[in-house]
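Colleague: Okay, handing you the structure first.
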Amino acid sequence: MNWVIDIVLLALLMFTAVTIARLRGLFSAAIVAGIYSLLGACWMSVLDQPDVAFTEAAVGAGISTVLILVTLSLTTSEEKEPKHTPLLPLVVVLITGAALIYGTIDMPRLGDPQAPTNLHVAPRYIEESPHEIGVPNLVTAVLASYRGYDTLGETAVILTAGVGVMILLGGARRRRWRADDDKRDRA
Amino acid sequence: MSPSTAIYAAVALPLVGAALVVSLRRWPNLREAASLITGGALFGVVLSLLPHVQSGARPEAQVVEVMSGLWLAFKVEPLGMLFALVASGLWIVTTTYSIGYMRGQHEVDQTRFYAWFAIAISAAMGVAMAANLLTLFTFYELLTLSTYPLVTHHRTEKAMRAGRVYLGILLGTSIGFLLLAIIWTYYLAGTLDFRPGGILAGTADNWVIVVLLALFAFGTGKAALMPFHRWLPAAMVAPTPVSALLHAVAVVKAGVFSIMKIVVYIFGIELLHDTGLSIWLMYAAAFTIIAASLVALTKDNLKARLAYSTISQLSYIVLGAAMATSAGVLGGSMHIAMHAFGKITLFFCAGAIYVVAHKTDISDMRGIGRTMPITMTAFFIGALSIIGLPPMGGAWSKWFLALGALEAEKAIFVAVLMISSLLNVAYLMPIVARAFFVAPAEPAPGDDDFAGAPQGTVLGANGGSSIKEAPVFCLVALCATAAGCLALFFFADDLYQLLTPIVNP
Amino acid sequence: MRDQAVPRVVAKLLIPYILLYAFYVQWHGDYGPGGGFQAGVIFAAAIILYALIFDLRTAQQAIRPRVVGLLVPLGLLLYIGVGIATMLKGGVFLEYGVLEHDPVHGQHLGILLIELGVGTTVAGVMITIFYGFAEAVSDR
Amino acid sequence: MIDNHLPILQILLPLVAAPLCLLLRHRVVVTALAIAVTWVTFAVSVALMATVLQQGPISYELGGWPPPWGIEYRVDILSAFVLVLVSGIGAVVATWSPASISVELPRYERHYLFYCAYLLCLTGLLGITITGDMFNVFVFLEISALSSYVLISMGQDRRALTAAYSYLIMGTLGATFILIGIGLLYIMTGTLNMADLALRLQDVADTRTVIVAFAFLIVGVSLKMALFPLHLWLPNAYAYAPSAVTAFLAATATKVAVYLLLRFFFTVFGYDFSFDRMQLWIVLMPLALIGILTASLVAVFQNNIKRMLAYSSVAQIGYMVLGISFASVSGLTGGVVHLFNHGLMKCTLFLAMGCIVYRCGSVHIDEMRGLGRRMPWTMAAFVAGGLSLIGVPMTVGFISKWFLVKAALEQGLWPVAGVILFSSLLAVVYIWRVIEVAYFEEPLAVDGQGPVREAPLSMLIPMWVLVAAIFYFGVTTELTAGIAQQAAASLLGVVP
Amino acid sequence: MMETIGLYNYWVVIVLMMTGFYIVVARDNLIKKVIGLSIFQTSVFLLFISVGKVEGGTAPIIADGFEVYSNPLPGVLILTAIVVGVATTAVALGLVVRINEEYGTIEETEIHRQDVEA
């Protein structure tokens, strides 16, 4: 009965995505986006990827939502009515989507054990990693060792984001600015 | 000095001169002396190459391989030898003249003037001695860019606009057409070397040859073939020595020299002669000859009239090249030298008149020959040479051009040459006549107008103050070039001997 | 939420367990789902919860921004350090096998260390980001 | 031992230096560190280049896992060439930057953050260039992208923020498109290693999925490299970013994207697929030509000179793509050598702009009045860069144009050759506008301040190093066009 | 059944992706764009994740009693991609906060109007 869960989850995902697109209230959009991430995480765990699901739940539904909410409290929570009908974006999106759907026609079916992805590279991870690395969690083995360098890059990305936010919102700097401005106002 | 060292020296010396000029900017006398000495040295260096070329050698120097198989390289052959001699020789004269003129006019930024002038000469040397089209093009562009600050010397709105036309046409044609033609040639022939007999024969269809010839002819904007001639009259805003540089020493000569060289060493005379593919270029040149002369007739501003005269005269050379006969090519090549001496004399005179009398319009120049007899005599000599009358050098080149036209069995171009000569008479002689035979407008030439020229050299006691010539530096220069016009008539055979190898390799 | 007793009490009870869970996820990533990244995020979440429930200033007194600022580069440097160590031991970059005599043990050690590096940086960055935004709020 | 580790050192040096900046914090120390590290990085790339020229492509298996199971670093002539450009520009700009950022980022007392982001950006760009793994490309793409958004946002004008934001949106869309492309390729082959992928793609090249993957990769990379008409983010980003950032990004970021395009076309999909089957040039060539012409035209009407140069960059990207679209050895040589040459000249031009911002505070064309006298060396460098942009002989720009025109003529596309040359004339127009203002007009009266002075030597020397390079590589091209030609030949799989 | 579902789920994911993409390109509000971007990215992750599934397999954690495991590689890639995504979101939101400080609005047309007027 796995496919029933599949269909239900996918339908829910569709529903939330469209809701977000239709919503004008940013606050509710942020919350629904969090729900979307949670549903995505559910589906990921249905697809046997608990690690990713775990992360998506923590990041997508957790950190991202918190950040968006904080930003909303700093700005505004209502989106303005659009002044023009977004025809061009619609065309672009439809073409892109059509191209992608066209591309799926030759793709292996979901879960096909004979798919190229399951015949090349991955088998070695599954068969050899217990001897080569000795870590039961294959995701950890691949993440930290076989493709450990990607993870180093990922850490660097995170560091970049931290530096970015420090530069953009660095507390000390902002306070000093304000003090400068006040001084200038007084002068 | 070995020939190849001499080649390097010829290109480098003017640059050294420029550096000296800049470093001596605080001492004008030393600065000008540096210019003159470099000029003399350069002329000596170029002259040292002459015996080699006369004896049939072709001194070479390869500098650096720019792209695989494409070198920045020099090779001196007779045509380039002639151009180098003319340019370096006239540089000395022009510098002499400039000293008088620039000081007489109290021009600003004289250091910049001398420095860029020297750099332009270096570029001209590079053009003259280029061993292939790539080198030629490189120095051709350098010449354009280094003369831009000279043309716009006054930094006024007007100068800026003239500079735009100058640069627009010269860069536009050279990048738009000439470069395309060069790369196309490279693609067709696999080389860009100047070789006797040409490199294009047998590589392309006739229509390609015609298109290439058009790209080369119009791409060489410095040759001022109509309709790409506008830059030359526009550039008259510059000080007179710059006009001399443009019209006689380097710039336009570099243009026609390039066309001549391309016809002889890239297309090959035989290719053009046998196929008759250059006939249209002969008509285009003939059109420019006549049309520019007619325009010259309508100009009252002396420098403008001379500028159109130059446009017309340049097309003589293009015509000679397009004839693709030995006499035509020889006549055209000789005309490079002949016209240089004639036209530089005329410009020197125009500048002298401006320095002394502040007159630019021909209609104001009544009786000026009485106050400036030496200047106007030189003008007369120069005019005769341009018209092509013996005993001036210009007579020979016209003679050979006419021969060439007959050789090409195109008698119509003999007629063109005749008509053009008549037109030359019509636009040059009235100036001389007015200067000597018409009484000046003002009763006394010694008042306001003339008093405003403090640098004038007062000559002769017997005429009282009625004779007032240009500064002595100017005078020496213009006499020298006028004498050159005469001399070229008598030493034309040497020139002929030098140039013959290019048509009979 | 500062004035409400229930969330405060619940948070006070919860936060130690969240931190504990973070450490569990950190060290247990080899066996079950999880690893440095998830641990870092959970650790940060605990601090964020603390700041939300109590006060930014209180949170910053407990976990000083300066210390957090140190965590960020140190984690990455630890990661790279492991790589450099493997290079010094004659392997290529990140070849954990050379860290110990038995390659499998080496792998284990390497993975543990780099996961720690990832966790440190991620926790540091997440807290930094939160502090950045929260300070912007408190500046208003 | 060091020799074997050169490929990883190339990335490791800036990557270690970036967190160190966060630890050290002291302004002078961090600046010195950044300058030193970038120069060592440059030295490493030169050493790599030398090794590749001697021994052929180098492979480095990260973590000791052989590809396709692990990640492979692969340095061939093309990537070594781009590495030299990126690290060289990185070093020059870092050396140039201290004075500039002290004026342009006066409110950021924490300059160490700037250098940290700068080094991360350098790391990302180098990482994209050196890797042989598709997903690793994505990761390093994001390192460079995130840091460049932040760097751009540091500009003085508030428009820097919106420019950074729209760059972020466009860049992330581009990166996501690339990710989709990578995903689809993975689905069809099961591998991420480029060489392995190229091998396995041959069996499935006919599938619709691969074609769609190809399309997504191209669109994604085109967004990143600002190929017309996907260039809309670029002008504002370059115009309002701090000068050092503009100079660095303009010379490297789009170039690396072009490099990526070459990798995808020739290494991953192969010439047969990209050009024979997909007839790619039908799309690329018109886009490149329209881009060259429109962007050059728009540049003519800009009054903010940094913006003008930014539009010029869009046009120059067109040249590179045009060279690629010929798919011949001379065309590719032209594209690759222009990639390098344009990096040199655009960096020089933007550095000159930076010097002017340093002294005058703005690069509006009115600010430049009389600068020819006030800042002779800066303006001379600008003129040198400008002449190169026009394509005057003895400058690098001439060499690029030469190869491109030659490639066009080889294929009988003489109208294309005409367009290339015509747009050079547009370059004359927009460069000369600046020259006229700088040399012909009197300086604006600045009240209460002395006349504008020449920029300090610490800025002039790095800038003139690049000017020297412009002329050096304009006269002798063995190291640029020669290498580009080898790279082109190896991409096309022909013996040079 | 599996055959059709196999494609059906890709299609749904594509529709999800396009919804996010549409929000990014069509919406004027800067925060909404960021939300759209993260929807877009999350959906791409879903596409990747569906690739790793093997019929009858289990989560790729080696344990006794299981023979078939799902492919761990897509999971690894997506873990990295999620991190990249949240990093992007953080920087984007930081920018939005600063833009709001400088312009007083987060509507793109408003900002554009202010820039043109300036």
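Colleague: Looking only at the stretch B:377-406, which residues are surrounded by fewer than 24 Cβ atoms within 10 Å (Cβ to Cβ) and modelled with pLDDT under 85?
Modeller: B:Leu389, B:Pro390, B:Pro391
Colleague: Scanning for something within 14 Å of chain B (Cβ to nearest Cβ) and surrounded by fewer than 21 Cβ atoms within 10 Å (Cβ to Cβ), does the stretch D:450-458 turn up at least one residue?
Modeller: no
Colleague: Same structure again: Residues to consider are D:Ile399, D:Ile431; find the one that is at the interface with chain B (Cβ under 8 Å from one of its Cβ atoms), of a type in the set (A, V, I, L, M, F, W, C) and under 22 Å from the mean Cα position of the chain (by Cα).
Modeller: Within the list D:Ile399, D:Ile431, the selection yields D:Ile399.
Colleague: While we're here: With aromatic (Phe, Trp, Tyr) and more than 26 Å from A:Thr96 (Cα to Cα) as the only criterion, which of D:Tyr240, D:Tyr259, D:Tyr165 stands out?
Modeller: Only one candidate qualifies: D:Tyr240.
Colleague: Right, next: Looking at D:Val46, D:Val92, D:Val40, which one is aliphatic (A, V, I, L, M), away from every other protein chain (no Cβ under 11 Å), surrounded by 23 or more Cβ atoms within 10 Å (Cβ to Cβ) and under 21 Å from the mean Cα position of the chain (by Cα)?
Modeller: D:Val92
Colleague: Of the numbered conditions (1) within 21 Å of D:Pro462 (Cβ to Cβ); (2) surrounded by 24 or more Cβ atoms within 10 Å (Cβ to Cβ), D:Phe81 fails exactly one; give the number of that condition.
Modeller: Every condition holds for D:Phe81 apart from (1).
Colleague: Another one. Filter the stretch B:272-288 for residues that are outside any helix (DSSP H, G or I) and in contact (Cβ under 8 Å) with a residue 12 or more places away in the chain; which is farthest from B:Ala204 (Cα to Cα)?
Modeller: B:Ser278
Colleague: Quick one: would you say A:Thr155 is buried (at least 16 other Cβ atoms within 10 Å of the Cβ), at the interface with chain E (Cβ under 9 Å from one of its Cβ atoms) and at pLDDT 90 or above?
Modeller: yes
Colleague: Give the residue, chosen from D:Ser100, D:Ser166, D:Ser148, that is more than 11 Å from chain A (Cβ to nearest Cβ), part of a helix (DSSP H, G or I) and either buried (at least 24 other Cβ atoms within 10 Å of the Cβ) or in contact with a strand residue (DSSP E or B) (Cβ under 8 Å, 6 or more places away or on another chain) (or both).
Modeller: Of the residues listed, the single one that is more than 11 Å from chain A (Cβ to nearest Cβ), part of a helix (DSSP H, G or I) and either buried (at least 24 other Cβ atoms within 10 Å of the Cβ) or in contact with a strand residue (DSSP E or B) (Cβ under 8 Å, 6 or more places away or on another chain) (or both) is D:Ser100.
Colleague: Right, next: So D:Arg373 passes all but one of these: (1) more than 14 Å from chain B (Cβ to nearest Cβ); (2) over 21 Å from B:Trp184 (Cβ atoms). Which condition number does it fail?
Modeller: Here D:Arg373 clears every test but (1).
Colleague: Hey, another quick one. Those residues that are part of a helix (DSSP H, G or I) and either under 22 Å from A:Met44 (Cα atoms) or among the charged types (D, E, K, R) (or both), I need them from the stretch A:127-146; list them, please.
Modeller: Within the stretch A:127-146, A:Glu127, A:Glu128, A:Glu132, A:Leu138, A:Val139, A:Thr140, A:Ala141, A:Val142, A:Leu143, A:Ala144 qualify.
Colleague: From the list C:Gly75, C:Gly90, C:Gly40, C:Gly36, which residue is within 14 Å of chain D (Cβ to nearest Cβ) and either at pLDDT 90 or above or at negative phi (or both)?
Modeller: Just one listed residue meets the conditions, C:Gly75.
Colleague: For the stretch D:103-117, enumerate the residues that are touching a Phe, Trp or Tyr at 6+ places or on another chain (Cβ under 7 Å) and either at pLDDT 95 or above or not in a helix (DSSP H, G or I) (or both).
Modeller: Listed by number, the residues that qualify are D:Leu105, D:Arg107, D:Tyr108.
Colleague: Out of contact with any helix residue (DSSP H, G or I) (no Cβ under 8 Å at 6 or more places or on another chain) and assigned to a helix (DSSP H, G or I): does that describe D:Val28?
Modeller: yes
Colleague: I would also like to ask the following. Just to verify a result, which residue in the stretch D:49-81, among those that are of a type outside the set (Gly, Ala, Ser) and part of a loop (DSSP other than H, G, I, E, B), is farthest from the other protein chains (Cβ to nearest Cβ)?
Modeller: Across the stretch D:49-81, the extreme among qualifying residues is D:Asp76.
Colleague: Farther than 23 Å from E:Ile49 by Cα, more than 9 Å from chain A (Cβ to nearest Cβ), in contact with a Gly (Cβ under 7 Å, 6 or more places away or on another chain) and not in a helix (DSSP H, G or I): is that true of D:Leu227 in this structure?
Modeller: Against the criterion (farther than 23 Å from E:Ile49 by Cα, more than 9 Å from chain A (Cβ to nearest Cβ), in contact with a Gly (Cβ under 7 Å, 6 or more places away or on another chain) and not in a helix (DSSP H, G or I)), D:Leu227 qualifies.
The rows are residues; the columns are (1) within 25 Å of C:Gly32 (Cα to Cα); (2) more than 7 Å from chain A (Cβ to nearest Cβ); (3) assigned to a helix (DSSP H, G or I).
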| position | (1), (2), (3) |
| --- | --- |
| E:Val15 | no, no, yes |
| E:Ile23 | no, no, yes |
| E:Ile49 | yes, no, yes |
| E:Glu67 | yes, yes, no |
| E:Leu73 | yes, no, yes |
| E:Val84 | yes, no, yes |
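Colleague: Somewhere in the stretch A:81-95, is a residue more than 9 Å from chain E (Cβ to nearest Cβ) and either surrounded by 14 or more Cβ atoms within 10 Å (Cβ to Cβ) or touching a Cys at 6+ places or on another chain (Cβ under 9 Å) (or both)?
Modeller: no
Colleague: Then there is this: Kindly indicate which of B:Val16, B:Val63, B:Val22, B:Val11 is surrounded by fewer than 20 Cβ atoms within 10 Å (Cβ to Cβ), assigned to a helix (DSSP H, G or I) and within 14 Å of chain D (Cβ to nearest Cβ).
Modeller: None of the others qualify; the one that does is B:Val22.
Colleague: Can you confirm whether the stretch D:189-196 contains a residue that is facing chain A (nearest Cβ under 10 Å), within 29 Å of the chain's Cα centre (by Cα), part of a helix (DSSP H, G or I) and surrounded by fewer than 24 Cβ atoms within 10 Å (Cβ to Cβ)?
Modeller: The answer is yes; a qualifying residue exists.
Colleague: Next question. Only residues that are without any contact (Cβ under 8 Å) to a residue 40 or more places away in the chain and either at the interface with chain E (Cβ under 9 Å from one of its Cβ atoms) or polar (S, T, N, Q) (or both): list them for the stretch A:124-139, please.
Modeller: A:Tyr125, A:Ile126, A:Ser129, A:Pro130, A:Val135, A:Pro136, A:Leu138, listed by residue number.
The values are calculated or read from the model by the stated rules, or taken from the named source; none is laboratory data. It should be emphasised that the depicted structure is a prediction, and the values quoted were computed from it without experimental measurement. Counting neighbours? That spans all protein chains shown, and the Cβs are built from the backbone with ideal geometry, glycine included.
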